[in-house]
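In what follows, a single structure is set out as C-alpha coordinates and then discussed.
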Amino acid sequence: MQQKLSNDFLIQCAHEFGTPLYVYHAERIKGQYERLQKAFHECDARFFYACKALTNINILRYIKNIGCDVDCSSINEVLLALKAGFVSENILYTSSNIAFEEIETAAELRVNINIDSLSNLRKFGKKFGSTYPVSVRLRPNIMAGGNLKISTGHKNSKFGIPLEQIEEITAIVRETGVWIRGLHIHSGSDIKDVDVFLKGVQVLFDISAHFSQLEFLDLGGGFKVAYKPGDEETDIELLGKKVTEAVASFEKQTKRKWKLWFEPGKFLVSEAGYFITQVNVIKETPAIVFAGVNTGLNHLIRPMFYGSYHTIENISNPVAPAKKYTVVGNICETDTFATDRELNEIRENDYLLFLNAGAYCFEMASNYNSRYKPAEVLVKNDKAHLIRKRDVLEDLLKNQVEVL
Ligand code: LLP
(Lines give C-alpha, C1' and ligand atoms only; values in the text may rest on other atoms or scores of the structure.)
Protein backbone atom coordinates (compact mmCIF):
# COMPACT_ATOMS: atom_id res chain seq x y z
CA MET A 1 0.00 0.00 0.00
CA GLN A 2 0.87 3.62 -0.47
CA GLN A 3 3.35 5.03 2.10
CA LYS A 4 1.45 8.17 2.72
CA LEU A 5 2.28 11.81 2.82
CA SER A 6 0.96 13.12 6.13
CA ASN A 7 -2.63 14.28 6.41
CA ASP A 8 -1.48 17.66 7.73
CA PHE A 9 0.73 18.18 4.70
CA LEU A 10 -2.05 17.19 2.30
CA ILE A 11 -4.53 19.49 4.04
CA GLN A 12 -1.98 22.29 3.74
CA CYS A 13 -1.78 21.57 -0.01
CA ALA A 14 -5.58 21.71 -0.22
CA HIS A 15 -5.59 25.09 1.52
CA GLU A 16 -2.83 26.47 -0.65
CA PHE A 17 -3.96 25.19 -4.06
CA GLY A 18 -7.68 24.51 -3.59
CA THR A 19 -9.59 21.34 -4.41
CA PRO A 20 -10.16 19.09 -6.22
CA LEU A 21 -6.41 18.63 -6.38
CA TYR A 22 -4.01 15.99 -7.61
CA VAL A 23 -0.80 15.66 -5.58
CA TYR A 24 2.16 13.49 -6.65
CA HIS A 25 5.03 12.44 -4.43
CA ALA A 26 8.26 12.37 -6.44
CA GLU A 27 10.36 10.25 -4.13
CA ARG A 28 7.70 7.54 -4.14
CA ILE A 29 8.12 7.21 -7.90
CA LYS A 30 11.87 6.91 -7.44
CA GLY A 31 11.37 4.25 -4.77
CA GLN A 32 9.31 2.15 -7.18
CA TYR A 33 11.87 2.55 -9.95
CA GLU A 34 14.62 1.43 -7.60
CA ARG A 35 12.58 -1.64 -6.64
CA LEU A 36 12.38 -2.60 -10.30
CA GLN A 37 16.08 -2.05 -10.85
CA LYS A 38 16.92 -4.13 -7.83
CA ALA A 39 14.52 -6.95 -8.71
CA PHE A 40 16.01 -7.30 -12.19
CA HIS A 41 19.61 -6.36 -11.43
CA GLU A 42 20.96 -9.66 -12.69
CA CYS A 43 19.26 -9.22 -16.06
CA ASP A 44 20.18 -6.79 -18.78
CA ALA A 45 16.87 -4.96 -18.19
CA ARG A 46 15.62 -1.55 -19.26
CA PHE A 47 12.49 0.16 -18.00
CA PHE A 48 10.40 2.47 -20.17
CA TYR A 49 7.82 4.38 -18.13
CA ALA A 50 4.43 3.96 -19.90
CA CYS A 51 3.68 7.64 -19.74
CA LYS A 52 0.04 7.30 -20.78
CA ALA A 53 -0.45 6.85 -17.02
CA LEU A 54 0.54 10.46 -16.30
CA THR A 55 2.19 12.88 -18.70
CA ASN A 56 2.66 16.12 -16.84
CA ILE A 57 5.95 17.45 -18.23
CA ASN A 58 7.42 17.67 -14.72
CA ILE A 59 6.68 14.01 -14.10
CA LEU A 60 8.34 13.16 -17.41
CA ARG A 61 11.41 15.22 -16.46
CA TYR A 62 11.56 13.61 -13.04
CA ILE A 63 11.34 10.15 -14.59
CA LYS A 64 14.16 11.07 -16.97
CA ASN A 65 16.29 12.46 -14.17
CA ILE A 66 16.06 9.26 -12.15
CA GLY A 67 17.40 7.41 -15.21
CA CYS A 68 14.23 5.70 -16.42
CA ASP A 69 13.34 5.60 -20.13
CA VAL A 70 9.90 6.31 -21.56
CA ASP A 71 7.23 4.43 -23.54
CA CYS A 72 4.76 6.50 -25.56
CA SER A 73 1.41 5.53 -27.00
CA SER A 74 0.89 8.45 -29.36
CA ILE A 75 3.06 10.72 -31.40
CA ASN A 76 2.13 13.56 -29.05
CA GLU A 77 3.47 11.63 -26.11
CA VAL A 78 6.69 11.22 -28.13
CA LEU A 79 6.79 14.99 -28.67
CA LEU A 80 6.19 15.58 -24.95
CA ALA A 81 8.97 13.13 -24.07
CA LEU A 82 11.37 14.93 -26.41
CA LYS A 83 10.33 18.24 -24.89
CA ALA A 84 10.99 16.80 -21.44
CA GLY A 85 14.55 16.10 -22.58
CA PHE A 86 14.56 12.38 -23.31
CA VAL A 87 16.91 11.49 -26.17
CA SER A 88 15.33 9.51 -29.02
CA GLU A 89 17.18 6.35 -28.16
CA ASN A 90 15.47 6.29 -24.75
CA ILE A 91 11.98 6.71 -26.18
CA LEU A 92 9.88 3.74 -27.23
CA TYR A 93 6.79 4.27 -29.33
CA THR A 94 4.19 1.52 -28.90
CA SER A 95 1.07 2.34 -30.79
CA SER A 96 -2.14 0.60 -31.72
CA ASN A 97 -4.06 0.97 -34.97
CA ILE A 98 -2.51 4.22 -36.04
CA ALA A 99 -2.05 5.74 -39.45
CA PHE A 100 1.25 4.84 -41.12
CA GLU A 101 2.07 8.55 -41.35
CA GLU A 102 2.40 8.65 -37.57
CA ILE A 103 4.94 5.83 -37.71
CA GLU A 104 6.84 7.75 -40.41
CA THR A 105 6.93 10.78 -38.12
CA ALA A 106 8.24 8.60 -35.29
CA ALA A 107 10.97 7.36 -37.64
CA GLU A 108 11.91 10.94 -38.53
CA LEU A 109 12.26 11.56 -34.80
CA ARG A 110 14.55 8.48 -34.59
CA VAL A 111 12.71 6.86 -31.66
CA ASN A 112 12.35 3.12 -31.07
CA ILE A 113 9.26 1.91 -32.88
CA ASN A 114 7.01 -0.99 -32.03
CA ILE A 115 4.59 -2.06 -34.79
CA ASP A 116 1.33 -3.85 -34.02
CA SER A 117 -0.20 -4.81 -37.37
CA LEU A 118 0.86 -6.76 -40.45
CA SER A 119 -0.35 -3.89 -42.59
CA ASN A 120 1.90 -1.29 -40.99
CA LEU A 121 4.81 -3.72 -40.77
CA ARG A 122 4.56 -4.34 -44.51
CA LYS A 123 4.43 -0.61 -45.25
CA PHE A 124 7.36 -0.05 -42.92
CA GLY A 125 9.38 -2.82 -44.56
CA LYS A 126 8.67 -1.43 -48.03
CA LYS A 127 9.71 2.05 -47.03
CA PHE A 128 12.67 1.40 -44.74
CA GLY A 129 13.84 -2.14 -45.61
CA SER A 130 16.77 -2.94 -43.36
CA THR A 131 17.67 0.68 -42.63
CA TYR A 132 15.56 1.24 -39.50
CA PRO A 133 15.14 -1.30 -36.71
CA VAL A 134 11.68 -2.02 -35.33
CA SER A 135 10.10 -4.30 -32.83
CA VAL A 136 6.90 -6.18 -33.41
CA ARG A 137 4.02 -6.31 -30.99
CA LEU A 138 2.64 -9.83 -30.79
CA ARG A 139 -0.67 -10.94 -29.39
CA PRO A 140 0.33 -13.74 -27.05
CA ASN A 141 -3.21 -15.16 -26.66
CA ILE A 142 -2.98 -14.91 -22.91
CA MET A 143 -6.04 -13.83 -20.94
CA ALA A 144 -4.92 -11.62 -18.07
CA GLY A 145 -5.58 -8.27 -16.43
CA GLY A 146 -7.88 -6.66 -13.90
CA ASN A 147 -10.91 -6.41 -16.21
CA LEU A 148 -11.78 -6.94 -19.85
CA LYS A 149 -11.19 -3.32 -20.88
CA ILE A 150 -7.59 -3.56 -19.78
CA SER A 151 -6.94 -7.13 -20.94
CA THR A 152 -4.97 -6.81 -24.13
CA GLY A 153 -3.30 -10.12 -24.86
CA HIS A 154 -6.25 -12.48 -25.27
CA LYS A 155 -7.33 -14.14 -28.48
CA ASN A 156 -10.05 -11.63 -29.30
CA SER A 157 -7.92 -8.60 -28.53
CA LYS A 158 -7.32 -5.85 -31.09
CA PHE A 159 -3.73 -5.48 -29.90
CA GLY A 160 -0.69 -6.90 -31.60
CA ILE A 161 -0.20 -9.43 -34.36
CA PRO A 162 -1.67 -12.82 -33.41
CA LEU A 163 0.92 -15.53 -32.84
CA GLU A 164 -0.90 -17.58 -35.48
CA GLN A 165 0.33 -15.09 -38.09
CA ILE A 166 4.00 -15.60 -37.45
CA GLU A 167 4.48 -16.96 -40.99
CA GLU A 168 3.07 -13.72 -42.40
CA ILE A 169 5.56 -11.75 -40.35
CA THR A 170 8.48 -13.81 -41.55
CA ALA A 171 7.24 -13.49 -45.11
CA ILE A 172 7.33 -9.69 -44.76
CA VAL A 173 10.87 -9.96 -43.42
CA ARG A 174 11.87 -12.07 -46.42
CA GLU A 175 10.17 -9.81 -48.94
CA THR A 176 11.18 -6.41 -47.59
CA GLY A 177 14.26 -7.15 -45.51
CA VAL A 178 12.70 -5.26 -42.59
CA TRP A 179 15.02 -5.29 -39.61
CA ILE A 180 13.23 -6.79 -36.62
CA ARG A 181 15.27 -5.99 -33.55
CA GLY A 182 12.76 -6.80 -30.83
CA LEU A 183 9.61 -8.70 -29.97
CA HIS A 184 7.00 -7.20 -27.69
CA ILE A 185 3.95 -8.33 -25.76
CA HIS A 186 1.71 -6.52 -23.29
CA SER A 187 -0.95 -8.82 -21.91
CA GLY A 188 -2.90 -6.34 -19.82
CA SER A 189 -2.93 -4.11 -16.77
CA ASP A 190 -3.33 -5.04 -13.09
CA ILE A 191 -1.81 -8.51 -13.57
CA LYS A 192 -0.99 -9.89 -10.15
CA ASP A 193 0.09 -13.35 -11.12
CA VAL A 194 3.84 -13.81 -11.68
CA ASP A 195 3.13 -16.90 -13.77
CA VAL A 196 1.33 -14.83 -16.40
CA PHE A 197 4.53 -12.89 -17.04
CA LEU A 198 6.53 -16.10 -17.10
CA LYS A 199 4.14 -17.53 -19.67
CA GLY A 200 4.69 -14.35 -21.70
CA VAL A 201 8.48 -14.72 -21.55
CA GLN A 202 8.13 -18.27 -22.73
CA VAL A 203 6.00 -17.15 -25.69
CA LEU A 204 8.73 -14.70 -26.66
CA PHE A 205 11.47 -17.32 -26.25
CA ASP A 206 9.57 -19.74 -28.46
CA ILE A 207 8.95 -17.20 -31.20
CA SER A 208 12.43 -15.71 -31.14
CA ALA A 209 13.88 -18.56 -33.20
CA HIS A 210 12.01 -17.17 -36.25
CA PHE A 211 14.07 -13.98 -36.26
CA SER A 212 17.79 -13.66 -36.78
CA GLN A 213 18.42 -10.03 -35.82
CA LEU A 214 16.75 -9.87 -32.42
CA GLU A 215 18.39 -7.91 -29.63
CA PHE A 216 15.66 -7.53 -27.04
CA LEU A 217 12.44 -9.02 -25.75
CA ASP A 218 9.89 -6.55 -24.43
CA LEU A 219 7.44 -7.79 -21.81
CA GLY A 220 5.35 -4.61 -21.66
CA GLY A 221 3.87 -3.41 -18.39
CA GLY A 222 0.89 -4.46 -16.33
CA PHE A 223 2.28 -5.02 -12.82
CA LYS A 224 -0.52 -4.80 -10.28
CA VAL A 225 -0.41 -2.42 -7.36
CA ALA A 226 -2.31 -2.70 -4.06
CA TYR A 227 -5.55 -0.71 -3.85
CA LYS A 228 -6.48 -1.40 -0.24
CA PRO A 229 -4.94 -2.84 2.92
CA GLY A 230 -4.29 -6.52 2.42
CA ASP A 231 -4.62 -6.27 -1.35
CA GLU A 232 -1.87 -8.08 -3.20
CA GLU A 233 0.45 -6.49 -5.71
CA THR A 234 2.60 -8.30 -8.25
CA ASP A 235 5.50 -9.75 -6.30
CA ILE A 236 8.14 -7.84 -8.22
CA GLU A 237 11.02 -9.35 -6.32
CA LEU A 238 9.80 -12.88 -7.04
CA LEU A 239 9.11 -11.95 -10.65
CA GLY A 240 12.64 -10.57 -10.99
CA LYS A 241 14.08 -13.78 -9.61
CA LYS A 242 11.96 -16.06 -11.79
CA VAL A 243 12.50 -14.06 -14.98
CA THR A 244 16.24 -13.92 -14.29
CA GLU A 245 16.31 -17.72 -13.95
CA ALA A 246 14.28 -18.19 -17.13
CA VAL A 247 16.50 -15.83 -19.11
CA ALA A 248 19.70 -17.41 -17.77
CA SER A 249 18.59 -20.83 -18.91
CA PHE A 250 17.45 -19.47 -22.29
CA GLU A 251 20.81 -17.76 -22.71
CA LYS A 252 22.53 -21.07 -22.05
CA GLN A 253 20.31 -22.79 -24.56
CA THR A 254 20.74 -20.13 -27.27
CA LYS A 255 24.40 -19.41 -26.42
CA ARG A 256 23.84 -15.68 -26.48
CA LYS A 257 22.80 -12.78 -24.26
CA TRP A 258 19.31 -11.26 -24.28
CA LYS A 259 18.16 -7.79 -23.32
CA LEU A 260 14.81 -7.38 -21.58
CA TRP A 261 12.60 -4.33 -21.85
CA PHE A 262 9.64 -3.44 -19.64
CA GLU A 263 6.99 -0.74 -19.83
CA PRO A 264 5.61 -0.13 -16.35
CA GLY A 265 3.01 2.59 -15.89
CA LYS A 266 0.90 1.98 -12.78
CA PHE A 267 3.74 0.40 -10.88
CA LEU A 268 5.76 3.61 -11.08
CA VAL A 269 3.15 6.27 -10.46
CA SER A 270 -0.14 4.88 -9.10
CA GLU A 271 0.79 4.95 -5.45
CA ALA A 272 2.64 8.25 -5.73
CA GLY A 273 -0.65 10.04 -6.42
CA TYR A 274 -3.35 11.50 -4.17
CA PHE A 275 -6.60 13.13 -5.10
CA ILE A 276 -7.97 15.59 -2.56
CA THR A 277 -11.66 16.45 -2.79
CA GLN A 278 -14.02 18.33 -0.55
CA VAL A 279 -17.49 17.32 0.60
CA ASN A 280 -20.20 19.64 -0.67
CA VAL A 281 -23.30 17.93 0.64
CA ILE A 282 -24.26 15.19 3.07
CA LYS A 283 -27.58 13.78 1.97
CA GLU A 284 -29.30 11.39 4.37
CA THR A 285 -31.95 9.40 2.53
CA PRO A 286 -34.00 6.61 4.10
CA ALA A 287 -31.69 3.90 2.76
CA ILE A 288 -28.36 5.56 2.03
CA VAL A 289 -26.21 8.37 3.35
CA PHE A 290 -24.57 10.11 0.42
CA ALA A 291 -21.40 12.16 0.70
CA GLY A 292 -21.41 14.38 -2.38
CA VAL A 293 -17.94 15.64 -3.29
CA ASN A 294 -16.77 18.53 -5.46
CA THR A 295 -15.59 16.27 -8.27
CA GLY A 296 -16.93 13.43 -10.34
CA LEU A 297 -16.30 11.07 -13.22
CA ASN A 298 -14.93 14.02 -15.13
CA HIS A 299 -11.86 14.02 -12.87
CA LEU A 300 -11.53 10.40 -11.80
CA ILE A 301 -13.34 7.93 -14.01
CA ARG A 302 -11.70 4.66 -12.97
CA PRO A 303 -14.39 3.59 -10.46
CA MET A 304 -17.21 4.15 -12.96
CA PHE A 305 -15.36 2.92 -16.03
CA TYR A 306 -13.73 -0.20 -14.63
CA GLY A 307 -15.29 -0.66 -11.21
CA SER A 308 -11.86 0.19 -9.80
CA TYR A 309 -11.44 0.48 -6.07
CA HIS A 310 -9.82 3.58 -4.62
CA THR A 311 -9.21 3.77 -0.89
CA ILE A 312 -10.87 6.90 0.49
CA GLU A 313 -9.93 8.56 3.78
CA ASN A 314 -11.54 11.42 5.63
CA ILE A 315 -8.39 13.36 6.43
CA SER A 316 -10.35 16.15 8.13
CA ASN A 317 -11.85 13.86 10.78
CA PRO A 318 -9.53 10.84 10.89
CA VAL A 319 -10.27 9.56 14.38
CA ALA A 320 -14.04 9.96 14.42
CA PRO A 321 -16.13 6.78 14.59
CA ALA A 322 -16.79 5.18 11.23
CA LYS A 323 -20.16 5.25 9.49
CA LYS A 324 -21.32 3.98 6.12
CA TYR A 325 -21.37 6.38 3.21
CA THR A 326 -21.90 6.20 -0.50
CA VAL A 327 -19.47 8.68 -1.98
CA VAL A 328 -20.77 10.29 -5.13
CA GLY A 329 -19.70 13.02 -7.52
CA ASN A 330 -21.32 16.21 -8.75
CA ILE A 331 -21.83 15.18 -12.37
CA CYS A 332 -25.25 14.82 -13.98
CA GLU A 333 -25.20 11.07 -14.16
CA THR A 334 -24.51 8.44 -11.57
CA ASP A 335 -20.87 8.77 -10.65
CA THR A 336 -20.35 6.65 -7.58
CA PHE A 337 -16.85 6.49 -6.14
CA ALA A 338 -17.70 4.09 -3.30
CA THR A 339 -20.83 2.31 -2.13
CA ASP A 340 -21.67 1.85 1.54
CA ARG A 341 -18.05 2.46 2.50
CA GLU A 342 -17.06 2.69 6.17
CA LEU A 343 -15.47 6.12 6.59
CA ASN A 344 -14.73 8.27 9.61
CA GLU A 345 -17.74 10.47 10.19
CA ILE A 346 -18.02 12.94 7.32
CA ARG A 347 -19.14 16.53 7.74
CA GLU A 348 -19.75 19.04 4.96
CA ASN A 349 -16.48 20.71 3.88
CA ASP A 350 -14.33 17.78 5.08
CA TYR A 351 -11.51 16.76 2.80
CA LEU A 352 -11.76 13.24 1.38
CA LEU A 353 -8.52 11.77 0.11
CA PHE A 354 -8.41 9.22 -2.70
CA LEU A 355 -5.34 6.97 -2.84
CA ASN A 356 -3.68 5.38 -5.89
CA ALA A 357 -4.42 8.54 -7.83
CA GLY A 358 -1.18 8.77 -9.81
CA ALA A 359 -1.92 6.50 -12.77
CA TYR A 360 -4.75 7.01 -15.27
CA CYS A 361 -6.55 9.50 -13.04
CA PHE A 362 -5.74 13.08 -14.03
CA GLU A 363 -4.68 11.63 -17.36
CA MET A 364 -8.21 10.43 -18.11
CA ALA A 365 -9.88 13.60 -16.84
CA SER A 366 -12.20 15.67 -19.02
CA ASN A 367 -14.16 18.89 -18.94
CA TYR A 368 -17.54 17.11 -18.91
CA ASN A 369 -20.33 19.32 -17.56
CA SER A 370 -18.01 22.22 -18.44
CA ARG A 371 -16.18 21.83 -15.17
CA TYR A 372 -12.55 22.76 -14.85
CA LYS A 373 -9.84 20.14 -14.80
CA PRO A 374 -8.12 20.07 -11.40
CA ALA A 375 -4.74 21.52 -10.56
CA GLU A 376 -1.73 19.23 -10.10
CA VAL A 377 1.02 19.52 -7.50
CA LEU A 378 4.37 17.75 -7.30
CA VAL A 379 5.90 17.20 -3.88
CA LYS A 380 9.68 16.89 -4.04
CA ASN A 381 12.07 17.17 -1.12
CA ASP A 382 9.05 17.91 1.11
CA LYS A 383 8.13 20.97 -0.95
CA ALA A 384 4.89 21.32 -2.89
CA HIS A 385 5.17 22.77 -6.41
CA LEU A 386 2.19 23.67 -8.54
CA ILE A 387 2.73 21.84 -11.86
CA ARG A 388 -0.60 22.53 -13.51
CA LYS A 389 -2.96 25.38 -12.86
CA ARG A 390 -6.64 24.67 -12.44
CA ASP A 391 -8.57 25.48 -15.63
CA VAL A 392 -10.31 28.81 -15.97
CA LEU A 393 -13.25 29.76 -18.16
CA GLU A 394 -10.98 30.68 -21.09
CA ASP A 395 -9.72 27.07 -21.17
CA LEU A 396 -13.25 25.87 -21.88
CA LEU A 397 -13.55 28.30 -24.77
CA LYS A 398 -9.96 28.09 -26.03
CA ASN A 399 -10.51 26.10 -29.21
CA GLN A 400 -14.06 27.09 -29.87
CA VAL A 401 -14.69 29.20 -32.93
CA GLU A 402 -17.43 31.71 -32.33
CA VAL A 403 -19.36 32.02 -35.57
CA LEU A 404 -22.67 33.11 -34.10
N1 LLP B 1 2.66 -0.96 -22.42
C2 LLP B 1 1.58 -0.91 -23.21
C3 LLP B 1 1.73 -1.25 -24.62
C4 LLP B 1 0.33 -0.55 -22.69
O5 LLP B 1 -0.74 -0.52 -23.47
C6 LLP B 1 0.22 -0.21 -21.32
C7 LLP B 1 -1.06 0.20 -20.75
C8 LLP B 1 1.38 -0.25 -20.52
C9 LLP B 1 2.57 -0.65 -21.11
C10 LLP B 1 1.36 0.10 -19.06
O11 LLP B 1 0.54 -0.72 -18.33
P12 LLP B 1 0.52 -0.57 -16.73
O13 LLP B 1 1.89 -0.95 -16.22
O14 LLP B 1 0.22 0.83 -16.42
O15 LLP B 1 -0.53 -1.50 -16.26
N16 LLP B 1 -6.61 3.05 -17.77
C17 LLP B 1 -6.47 1.73 -17.21
C18 LLP B 1 -5.17 1.09 -17.60
C19 LLP B 1 -4.98 1.04 -19.10
C20 LLP B 1 -3.65 0.51 -19.51
C21 LLP B 1 -3.42 0.71 -20.97
N22 LLP B 1 -2.14 0.24 -21.42
C23 LLP B 1 -6.66 1.80 -15.70
O24 LLP B 1 -6.85 2.89 -15.18
O25 LLP B 1 -6.65 0.76 -15.02
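Quick notes
- Qualifying residue in region 284-296 (condition: away from the ligand (no atom under 16 Å from the Cβ), over 19 Å from TYR22 (Cα atoms), small (Gly, Ala, Ser) and open to solvent by less than 10 Å² (accessible area, probe 1.4 Å)): yes
- In region 182-203, the residues that are open to solvent by less than 10 Å² (accessible area, probe 1.4 Å) and in contact (Cβ under 8 Å) with a residue 60 or more places away in the chain: GLY182, HIS184, GLY200
Let's see how each residue does on (1) modelled with pLDDT of 95 or more; (2) in a helix (DSSP H, G or I); (3) open to solvent by less than 70 Å² (accessible area, probe 1.4 Å):
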| position | (1), (2), (3) |
| --- | --- |
| LEU343 | yes, no, yes |
| ALA359 | yes, no, yes |
| VAL379 | yes, no, yes |
| LEU396 | yes, yes, yes |
| VAL401 | yes, no, no |
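- Of all residues in region 305-346 being among the charged types (D, E, K, R) and in contact with a Pro (Cβ under 9 Å, 6 or more places away or on another chain), the one that is farthest from the ligand (Cβ to nearest atom): GLU345
- All conditions in (1) closer than 21 Å to GLY358 by Cβ; (2) of a type outside the set (Val, Ile, Thr); (3) outside any helix (DSSP H, G or I) hold for ARG46, with the sole exception of (1).
- For region 17-34, the count of residues that are farther than 26 Å from LEU386 by Cα and out of contact with any helix residue (DSSP H, G or I) (no Cβ under 7 Å at 6 or more places or on another chain) is zero.
- Here GLN12 fulfils each of the conditions (1) assigned to a helix (DSSP H, G or I); (2) without any contact (Cβ under 8 Å) to a residue 60 or more places away in the chain; (3) not aromatic (Phe, Trp, Tyr) apart from (2).
- Residue list for region 79-109, restricted to those being surrounded by 13 or more Cβ atoms within 10 Å (Cβ to Cβ) and under 18 Å from ARG46 (Cβ atoms): ALA81, ALA84, PHE86, SER88, ASN90, ILE91, LEU92, TYR93, THR94
- The set of residues in region 162-181 being at pLDDT below 95 and open to solvent by less than 30 Å² (accessible area, probe 1.4 Å) consists of PRO162 alone.
The values are calculated or read from the model by the stated rules, or taken from the named source; none is laboratory data. Since the model is a prediction, treat every value here as computed from it, not as a measurement. Note that we place each Cβ from the backbone using ideal geometry, even for glycine, and neighbour counts take in every protein chain shown. The area values use the complete protein model at the heavy-atom level, side chains included, leaving out ligands, DNA and RNA. Shrake-Rupley method; radii C 1.70, N 1.55, O 1.52, S 1.80 Å.
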